[in-house]
Structures are given as structure tokens and as C-alpha cells.
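Any read-out appearing in this document is the output of simple, stated calculations on the displayed coordinates, not a laboratory observation. The structure displayed is predicted, hence computed values, not measured ones. As a convention, Cβ positions derive from the backbone with ideal geometry for all residues, glycine included, and neighbour counts pool all protein chains shown.
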Amino acid sequence: MHRAGDGHAVDDQTTEGSPEATEGAGPGTAAGAGSATDAADSGAAPSRRALLGWGGAGLALGAVAAGGTVAAVRGGDRIEPAAESGAAVPFHGTHQAGIATAVQDRLHFASFDVTTKDRAELVQLLKDWTRAAERMTAGRTIGEGAYGGVAEAPPDDTGEALGLKPSRLSLTVGFGPSLFAENRFGLADRRPDALVDLPGFPGDNLDPARTGGDLCVQACADDPQVAVHAIRNLARIGFGKVAVRWSQLGFGKTSSTTPGAQTPRNLFGFKDGTENIDGADPAALDRHVWVSAKDGAGWLAGGSYLVARRISMRIESWDRTSLQEQEDIFGRDKGEGAPVGKAHEHDKPNLKAMLPTAHVRLAHPDAHHGVRMLRRGYSFTDGTDGLGRLDAGLFFLAYQRDVRDAFIPVQQSLARSDALNEYIQHVGSAVFAVPPGVRDTGDWWGRALVS
Ligand code: HEM
């Protein structure tokens, strides 16, 4: 059996191949001919020989077993908090999963440079990635799995997720401004006006090695190994066409899209995500997150824009700061998360009661014509810096309908005046146009852009 799991309570929205999904295959089985998944891949189904050209990372050939159970959640369209962390998040939908989806516990984010110059290869990569993502998010292995296939070739799947449940894995793709450059893939006239290069902000100390990228994949899951497996296998499939430019692991969510659930805390110990957009509020999502057909680039309708910022946090300095100062900096108390002068976390903030330099006062929608972002960031620690200080921070991820109205003005205001700046520094940055969801098994990431 590839990805394990008994009791395959498979939701028909999730699995295109329920017979194989419910049966599974024993070790050494290379079945799957005529499976629903093969049918799903027909038309764009790579030949077995072509599949081996990825170094054996083939698709759609083998029998697989679905792992875990599928909770009553829906894909990118409308999201309910998943009842159990082993569940599968449906891959297909109007919007990509991983945006409004109830935030999973772990992150592996990768930014890629496209190394091929051939547009047809880029298109094939996006198709291959989509087929692989369909399978991995359902808890399946890629192709013939991690063992039992052709003995002379590397296995199709790297194998470290064998026996693990889908763990609410979501995979979300984005396209960076550089993909649309003149004389690359003929996409210059398809670049949305809103996909601007982010301006420099006061205090930025961006490392070029952690900045930019032609493509990104955000993998979120409740099990870190499932997220890492997904990025690793997508990178492997892309060998010779894309190269990882930079990547980031996140160990703890700092934001919530489920207001009813307990708000997570960031590395400064404060509740983070209190005033975030509710992932189950379609009106707020339509207004602030999803790009509308009226916004310009038709191919992006139903998509979004993602800003990623690696923000270092000076943990040791913060830990020597008084509680009062910490609370003044955010404009909320540390225990309850209540705004200044209020008793409860979800009480309406009185911005005027906060210091003019308080983070919440500066970032609040009332200071920005009502504009909001859907924040989906993760805490990270990447060891220490050689001086005994934690190399830690927030990998800030925010989805929005137009970065020119949202991230850019909010960050301009924060970079200028936020009291928090004494304790943080932005060291990496990227922006991506995030295409709409993959509708069904005949669709693929970016089809409306590149076909
Ligand atoms: C390490 C950096 C940061 C930390 C530790 C941090 C922390 C927090 C905390 C604790 C809150 C209050 C709770 C909440 O409503 O979520 C908050 C609110 C918020 N933050 Fe940040 N934040 C950081 C960076 C940023 C950046 C870069 C932006 C955008 C440019 C941003 C935008 C916001 C917004 C929009 C709110 C909600 C304000 C409201 O509606 O009341 N934050 N942040």
C-alpha cells in the first residue's frame, strides 16, 4: 500500500478514482490501467517513457490507495473548518485551496525560477504539477508509488509520506512578475496591471537570494512531512524546467481564517489573526481576496494576489521588553488579545485609544479606506545566527484582490511609523498572481493564462 489509511470514506468531490481509491494496491502492484485517474489524465497523459524522463517521477500509471478520511469540507469554493487533521482538502474548485481554507499547522513554501526557455515545456510542467497535486492532496502517491514499479528506474514517488494521511494538504500555485517579462514566454501582454513589482519600503533589508521568483508553490498541511514531501516531489517533477530559488518552512500558523477557533500566537507571544478575514465569509472574500473579471486580467478572475515577506524577529530584544511596552506596540493586551481599553479579544477596537505608532492602529482597515487582506503567515526558526540568537521570525503571507490598495499602502504606513519596527526586519520578499482554481480533472494550473 502506498499512502496508508483504512476506512477510506471517500468524498466524490475529492477523488476522481473512487474504485482504486477504496481498494488500494498491494506492494509490487503496477496496476491502474483504465483507472479513473488514467482517464482523468487522458489527453495530456505523458507516456511511460516520458514519465521516466523526470527521473522516474511519473504520473497516472499506478494503482494507489487513498489515505485517511475525507471530512465534509469543500474545496477552494467555500471552506469549513476541517474536523480532523488527517482529512483531505478537495483540490478542485472555483478558487485554489490554501487561501480561504482553514489554516493548517505547517508550511513548506517554495519559489522557483523557470529554467527552460520553451513555452511548451512550461505548459507541460504546469499540467504535470496539477496531476501530481491532485493525487498528493488526496493522500495518494505519485505514479507507481515509492516501490514496486520498474526496478531499473527511480521510483515515481520519493516515499517519505507513505503511511501518512492527507493531513489537509493544500497546494497553491502563483506566477511572479518575472514570468511575464518580454521575450520569455510571450506573456508580457497578459501581465495584470495589479501585478506590480513591490516598491522598496523604509527599513527593508532584502536578501536577493530570498526574494522574487517566477513561480511559487505554497504547501500547507497539518503534518510537516506531508508538506515537505509535496514540494520535494513537485521540484523533482520540474527537474530541468524549474529550479528552487528559495524556500521556507513554517512550523506554526500565526493566523486563522476560522474566527470561531482559538487564535494562534506569534513568536512575540501575542494572538495573531484576530481580525483576519473569515474563510467562510464569501462576501468578504469577494470584496477583498478574489480578483473579479471586472478587475482587468480575465484569466485571473477567481484568483488572487499573494505577497510573501520573510520578516526576522529580534526575539532576544523583545524578551527584554516590558509587558506594558509590548502591549502598547500592538495596541492589544497579551493575555486575552483585547484591544486597548476593551475586555475581550473580539471587541471592536478603539483606535484612538492606542498609541499613534501601534501596529493595529496603523494596519487597521479604518486607516486604509476599509481595505483588508487575508493573512496566512507562519512562524519559522531556522536555527541560530552564530551569535547565539535565534534566526526566527514570521513568514508573512497575505492574499488580496489588489496589492496596490492593500499590502503596499499598509506596509508603507507600517514601515514608516510602526513601533514594532524596532524588533523586526523584512529580509525577503515576493509577489505572485495566484490563478483561479482547477475546475476538474481536465483542467490545470494556469490553463487560462498560457493556453
Ligand atoms: C513580524 C511582523 C508582524 C507581527 C509580529 C504582527 C503581529 C500582529 C498582531 C499581534 C496583530 C493583532 C491581532 C490581529 O488582528 O491579527 C496584527 C494585526 C494586523 N497586522 Fe500584523 N504583524 C506583523 C506584520 C504585519 C505586516 C507586514 C502587515 C501588512 C503589511 C500586517 C498587517 C496586519 C493587519 C492588517 C492586522 C489587523 C489589524 C486590524 O484589523 O485590527 N502585519 N499583527
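Near residue 303, within a Cβ-to-Cβ distance under 11 Å, what is the net charge of the other residues, with Lys and Arg +1 and Asp and Glu -1?
0
Among 104-117, 412-425, 315-328, how do they line up from the highest to the lowest mean number of other beta-carbon atoms within 10 Å?
Details: 104-117: 20.8, 412-425: 17.4, 315-328: 13.4.
Descending packing order for the listed peptides: 104-117, 412-425, 315-328.
Counting pairs of alpha carbon atoms under 8 Å apart in space and at least six apart in sequence, what relative contact order in percent does the stretch 339-451 give?
This gives 20 percent for the stretch 339-451.
What is the set of long-range amide H partners of residue 96 at a cut-off below 5 Å, with H atoms built 1.01 Å from backbone N?
437
If you build the Cα gyration tensor of the stretch 412-451 and take the root of 5 times each eigenvalue, what three semi-axes come out, in whole angstrom, biggest first? Can you show the working numbers first?
Working: eigenvalues 310, 18, 17 Å².
For the stretch 412-451, the semi-axes come out at 39, 10, 9 Å.
If you average over every viewing direction, what projected area does the convex hull of the Cα atoms of the stretch 359-437 give, in nm²?
6.5
Tell me the net charge near residue 185. Cut-off is 14 Å between Cβ atoms, residue 185 excluded, with +1 for each Lys or Arg and -1 for each Asp or Glu.
Taking every other residue near residue 185 into account, the sum is 0.
Tally Lys/Arg at +1 and Asp/Glu at -1 over every other residue whose Cβ is under 10 Å from the Cβ of residue 436; what's the total?
Here the charged neighbours net out to +1.
Going down the list 241/294; 165/334; 127/241, which pairs span over 24 Å between their C-alpha atoms?
Too far apart for the 24 Å limit: 241/294; 165/334.
Per residue, what volume in Å³ does the Cα convex hull of the stretch 269-359 take up?
143
For the stretch 182-245, compute Rh as the Kirkwood radius over C-alpha pairs and then the Stokes-Einstein diffusion coefficient at 20 °C and 1.002 mPa s; write the answer in µm²/s, rounded to an integer.
Working: Rh = 15.0 Å.
Estimated diffusion coefficient is 143 µm²/s.
So for 372, 401, 191, fewest C-beta neighbours within 10 Å to most, what's the order?
The order, fewest Cβ neighbours first, is 191, 372, 401.
In the stretch 139-259, how does Rg compare with the Kirkwood Rh, expressed as the Rg/Rh ratio over alpha carbon atoms?
In the stretch 139-259, Rg relative to Rh is 1.03.
Given 10 °C and 1.306 mPa s, compute D for the stretch 320-451 with the Stokes-Einstein relation, Rh being the Kirkwood radius over Cα pairs; round to the nearest whole µm²/s.
91
Would you mind calculating the relative contact order of the stretch 130-267 from Cα pairs under 8 angstrom and at least 6 residues apart, reporting the percent as a whole number?
Result for the stretch 130-267 is 22 percent.
For the ranges 193-204, 158-169, 218-229, what's the packing order if you count other beta-carbon atoms within 10 Å of each residue, average per peptide, and put the highest first? Working shown, then result.
Details: 193-204: 14.6, 158-169: 22.7, 218-229: 24.6.
Per-residue mean Cβ counts within 10 Å order the peptides as 218-229, 158-169, 193-204.
Any idea what Rg and Dmax come out to for the stretch 97-136 if you just take the C-alpha atoms, in Å?
So, for the stretch 97-136, Rg and Dmax equal 13.4, 37 Å respectively.
So what are the ³J(HN,Hα) numbers for the stretch 145-153, from phi and the Karplus equation (6.51, -1.76, 1.60; θ = phi - 60°), rounded to whole Hz, Gly and Pro as x?
x, 8, 7, x, x, 5, 5, 7, 10
Residue by residue, what Karplus-based ³J(HN,Hα) values in Hz, rounded to whole numbers, does the stretch 326-333 have, using 6.51, -1.76 and 1.60 with θ = phi - 60° and x for Gly and Pro?
4, 5, 5, 4, 7, x, 9, 7
What is the spin-label model distance, in nm, from residue 425 to residue 391 if the labels are put 7 Å beyond Cα along the C-beta direction?
So the two model labels end up 1.3 nm from each other.
Mind listing the phi-derived Karplus ³J(HN,Hα) values for the stretch 246-254, rounded to whole Hz, using 6.51, -1.76 and 1.60 with θ = phi - 60°, and x for any glycine or proline?
Values, residue by residue: 7, 8, 8, 9, x, 9, x, 5, 10 Hz.
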